[in-house]
Each structure stands twice: as C-alpha cells, then as structure tokens.
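Participant: Once you've had a glance at the structure underneath, I'll fire off some questions.
The values are calculated or read from the model by the stated rules, or taken from the named source; none is laboratory data. Note that the structure is a prediction, hence the values are computed from the model and not measured. Backbone-built Cβ (ideal geometry, glycine too); neighbour counts: all protein chains shown. Ligands, DNA and RNA are stripped out before the accessible areas are found, and what is left, the full protein with its side chains, is counted by its heavy atoms. Shrake-Rupley method; radii C 1.70, N 1.55, O 1.52, S 1.80 Å.
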Amino acid sequence: NAMLAAVARLAAARRVPCQVSVDMPMCCGVGACLTCVIRVAEPAAPAGWAWARTCTEGPVFDAATVLWDALG
C-alpha cells in the first residue's frame with residue numbers, strides 16, 4: 001500500500017489519471033464480513049468519506065479517491 005500511495009502521489013503531482021488495485025485481506029469475498037474495507041473520499045457523505053469494500057466495490061479504485069493515510 002505504501003508503494004501504491006507513492007504512485008498515486010506522483011500521478012496526482014503530474015495530473016495523470018491513476019487507478020490502483022488495492023490488495024486487502026478478504027475473508028468472505030462477497031462483502032458480508034467487512035474485513036476488506038478501505039476509506040475513500042465521498043463528498044456526499046457527512047464526514048466527506050465512506051467505507052468501500054475491496055471485494056465488491058474494488059479492488060481497483062481511482063487513486064485520487066483512496067484515503068491513503070487510513071491504510072497505514
């Protein structure tokens with residue numbers, strides 16, 4: 001994830017579109033257990049972000065929407 005975050009920063013600095021495939025541990029693979037969630041920017045959400053399941057909404061995300069600081 002650190003490498004993906006670095007690539008996302010480089011792409012953003014150069015204004016290049018970037019998608020990343022976020023590899024998170026998946027227990028069920030169907031979105032029921034919520035072990036694979038990541039935080040993504042969601043302007044319509046009250047907090048400005050929302051949870052996204054990498055097994056169902058991903059694993060590929062627009063790099064600009066992933067909140068990298070939350071992935072550790």
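Participant: How large is the accessible surface of residue 26 in square angstrom, using a 1.4 angstrom probe and rounding to the nearest 10?
Facilitator: Ignoring ligands and nucleic acids, residue 26 comes out at about 90 Å².
Participant: Follow-up. In Å², and per residue, what accessible area does the chain have when probed at 1.4 Å with the other protein chains present? Walk me through the numbers on the way to the answer.
Facilitator: On the way: 4690 Å² over 72 residues.
Per-residue value: 65 Å².
Participant: Residue by residue through segment 5-19, which ³J(HN,Hα) values in whole Hz follow from phi under the Karplus form 6.51 cos²θ - 1.76 cosθ + 1.60 (θ = phi - 60°), with glycine and proline marked x?
Facilitator: 5, 5, 5, 4, 5, 4, 5, 5, 5, 9, 6, 9, x, 9, 10
Participant: Can you give me the distance in nm between label points at residue 41 and residue 27, each placed 7 Å from the Cα along the Cα-to-Cβ direction?
Facilitator: With each label point 7 Å from Cα toward Cβ, the separation is 3.1 nm.
Participant: Need one number: convex hull volume per residue for the chain, Cα atoms only, in Å³. Write down the numbers at each step before the final one.
Facilitator: Numbers: hull volume 6.4 nm³, N = 72.
With only Cα atoms used, the chain gives 89 Å³ per residue.
Participant: Let's see if you can work this out: charge +1 on each Lys and Arg Cβ, -1 on each Asp and Glu Cβ, no other charges. What is the dipole magnitude of the chain about its Cα centre, in debye to the nearest 20? The partial results should precede the final answer.
Facilitator: Details: 5 positive and 5 negative charges, 41 e Å.
Taking the Cα centre of the chain as origin, the dipole is about 200 debye.
Participant: State the answer as a single residue: which of 34, 49, 6 lies farthest towards the positive end of the charge dipole of the chain, with beta carbon charges of +1 for Lys and Arg and -1 for Asp and Glu, about the Cα centre.
Facilitator: Result: 6.
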